[in-house]
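Quick notes on the structure that follows.
What follows draws every value from the coordinates through simple rules; no lab data is involved. Note that the coordinates shown come from a computational prediction; the quantities given were computed from them, not determined experimentally. Here the Cβ positions follow ideal geometry from the backbone for every residue, glycine too, while neighbour counts run over all protein chains shown.
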Amino acid sequence: MKIAIIGTGYVGLPTGVGLASFGNDVVCIDKDEAKISMLKAGKPTIYEDGLEELFLKTVQSGKLKFTTSMKEGVNGADVVILAVGTPPHPETKEADMRYIYAASEELAPHITGYTVVANKSTVPVSTGDAVESIIKKANPTADFDVVSLPEFLREGYALHDFFAPDRIVAGCNTARAAKVIKTLYAPFEGKTEMLFVKRKSSETIKYASNAFLAMKIHYINEMADFCEKAGADVDEVAKGMGLDKRIGNRFLNAGPGFGGSCFPKDTMAMALMGEKYGVDLSLIKQTIKGNAARKLKMAGRILDMVQGVEKPLIGVLGLAFKNGTDDVRESPAMEIISHLIEKGARIKAFDYQALENAKKVLGDKIEYAFKAEDVFEGADVVAVLTEWPQFKELDFEKFGALMKGKKIADFRNLLDGAKLKKVGFEYQRIGIL
Ligand code: NAD
């Protein structure tokens, strides 16, 4: 098939690479000229495990191309995939639809022949109707259908999830569009559950799923608070709960709160959609409130560990919102750091992939370390805020000797606490006394 993908971010690029690897002719379109120049020069613009290799392979095979021109990409396409951002609106905090609407208007004049416009961006219910109207208005003779094709990939596992998704959901209001989507996903037939539903159901499935997962994380974080008071161990509790197949063990890791480019904005958008339709989504609203408070609480715990120290130096291991990605959007680490700076702390931070993105946000407000061990030097406490598995391998005994205070705040429950305590560290983790 000939496929155009509008938006080459964390969703658009891995999707383009994956679809091209099946032999489709894929053109990735982005209005960001710097991104397109970099991609044309053979360099992926994001970090994802395994992406660079497959990216180069598909580019060399001629199946994956890049352009800033809508015309070049959309002309003759069987499927046009929308993968532009839907960040929270700066004032209302609802999903900001300006990129979706602009892209729909820009693509419309270039539709040739029957085209399926498939929306992979996370969008409020009834966006499909709005996109349909925009295209119709801009190009009244266009022959097209709008489909909701929500994306469930996890950053850090984008390619893995592209090739082995738990399910594919497509919201198609016509049989003709459903046929095109079936062809698009033919390589998954017999391997992955494919669910064809009404367009509005599909749009809802995405938000309802993300809000549920966010609630699950918040639930175990509240249990962690309980365990700390009651003398239980949240890791043991989570393990015991997760063995129940009805619950499952994923998204039950207690930590510093959820973050990233999806859960915070999607829970907020879902809660506001509830308000719009007069439905009190109280569980989601409480999750949002509790998660915001959690990051403040984490910063407070770190400060308690260095009480009495003037302008404490806090070493931070991890800036990305989770391991395996360079994304710092709404990262708990970044928010905790901001709170700590406000309280007069000095920060020296390290991350395996996210240093550059963090610099764009925090600038010279903090110091950046180029090796994990550098955050220990002179630090009053070191906080583990992203669960990079490499942190487990660090020689804490050796680096601890470089610290001013031998203290570790392990807010990802990553390290061997007993071992650290044995070699003289004051050690704190989540959900265990
Ligand atoms: P992103 O910000 O990384 O990328 C969006 C890209 O779209 C940018 O490169 C931007 O320049 C481009 N763009 C915007 N308007 C354009 C236009 N008119 N023409 C051409 N290009 C345009 O966003 P993302 O993280 O890939 O997310 C995209 C969508 O997918 C969002 O709705 C998000 O909620 C959803 N989603 C994201 C993830 C994730 O893990 N990041 C997972 C599932 C769903």
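Worth pointing out:
- Considering residues of region 159-169 that are within 15 Å of the ligand (Cβ to nearest atom) and either of a type outside the set (Asp, Glu) or not in a loop (DSSP other than H, G, I, E, B) (or both) only, the residue surrounded by the fewest Cβ atoms within 10 Å (Cβ to Cβ): Arg167
- Being closer than 29 Å to Asp233 by Cα and of a type in the set (Lys, Arg) is a condition met by at least one residue of region 315-336.
- Only one of Met241, Met215 that is free of Cβ contacts under 8 Å to residues at least 40 places away in the same chain, touching a Leu at 6+ places or on another chain (Cβ under 8 Å) and surrounded by fewer than 23 Cβ atoms within 10 Å (Cβ to Cβ): Met241
- Looking only at residues in region 53-70 that are surrounded by fewer than 16 Cβ atoms within 10 Å (Cβ to Cβ) and among the polar types (S, T, N, Q), the one that is nearest to Ala41 (Cα to Cα) is Gln60.
- For region 122-158, a tally of residues being more than 15 Å from the ligand (Cβ to nearest atom) and either within 17 Å of Ala211 (Cα to Cα) or not hydrophobic (A, V, I, L, M, F, W, C) (or both) returns 11.
- Here Pro90 fulfils each of the conditions (1) under 24 Å from Ser261 (Cα atoms); (2) within 14 Å of the ligand (Cβ to nearest atom); (3) not basic (Lys, Arg) apart from (2).
- Qualifying residue in region 29-42 (condition: more than 13 Å from the ligand (Cβ to nearest atom) and crowded, with 17+ Cβ neighbours inside 10 Å): no
- Flag if Thr204 is more than 30 Å from Asp326 (Cβ to Cβ), within 16 Å of the ligand (Cβ to nearest atom) and touching a residue at least 60 places away in the same chain (Cβ under 8 Å): yes
- Remark: pairs (first residue in region 67-86, without any contact (Cβ under 8 Å) to a residue 60 or more places away in the chain; second residue within 10 Å of the ligand (Cβ to nearest atom) and in a strand (DSSP E or B); Cβ separation under 8 Å; 6+ apart in sequence or on different chains) = Thr67/Cys28; Thr67/Ile29; Thr68/Ile29; Ser69/Ile29; Glu72/Ile29.
- Members of region 45-72 that are part of a helix (DSSP H, G or I) and within 16 Å of Val11 (Cβ to Cβ): Leu51, Leu54, Phe55
- Failed item, numbered, when Val80 is tested on (1) under 30 Å from Glu356 (Cβ atoms); (2) out of contact with any Asp or Glu (no Cβ under 7 Å at 6 or more places or on another chain); (3) part of a strand (DSSP E or B); (4) β-branched (Val, Ile, Thr): (1)
- One residue from Ala379, Ala383, Ala345 being touching a residue at least 60 places away in the same chain (Cβ under 8 Å), under 23 Å from Leu296 (Cβ atoms) and in contact with a Lys or Arg (Cβ under 8 Å, 6 or more places away or on another chain): Ala379
- Residue that is basic (Lys, Arg), surrounded by fewer than 19 Cβ atoms within 10 Å (Cβ to Cβ) and in contact with a Gly (Cβ under 6 Å, 6 or more places away or on another chain), where the choices are Lys311, Lys297: Lys311
- If the condition is being β-branched (Val, Ile, Thr) and under 9 Å from Ala4 (Cβ atoms), then region 68-83 contributes Val74, Val79, Val80, Ile81.
- Number of residues in region 196-208 that are in a helix (DSSP H, G or I) and surrounded by fewer than 16 Cβ atoms within 10 Å (Cβ to Cβ) equals 2.
- Unique residue being at negative phi, more than 13 Å from the ligand (Cβ to nearest atom) and buried (at least 20 other Cβ atoms within 10 Å of the Cβ) when the list is Ile81, Ile111: Ile111
- Every residue from region 250-280 that is closer than 17 Å to Lys216 by Cβ and not in a helix (DSSP H, G or I): Arg250, Phe251, Leu252, Asn253, Ala254, Gly255, Pro256, Gly257, Phe258, Gly259, Gly260, Cys262
- All positions within region 218-236 that are buried (at least 20 other Cβ atoms within 10 Å of the Cβ) and of a type outside the set (S, T, N, Q): His218, Ile220, Ala224, Cys227, Val234
- Test for Leu283: is it part of a loop (DSSP other than H, G, I, E, B), surrounded by fewer than 23 Cβ atoms within 10 Å (Cβ to Cβ), more than 16 Å from the ligand (Cβ to nearest atom) and touching a residue at least 12 places away in the same chain (Cβ under 8 Å): no
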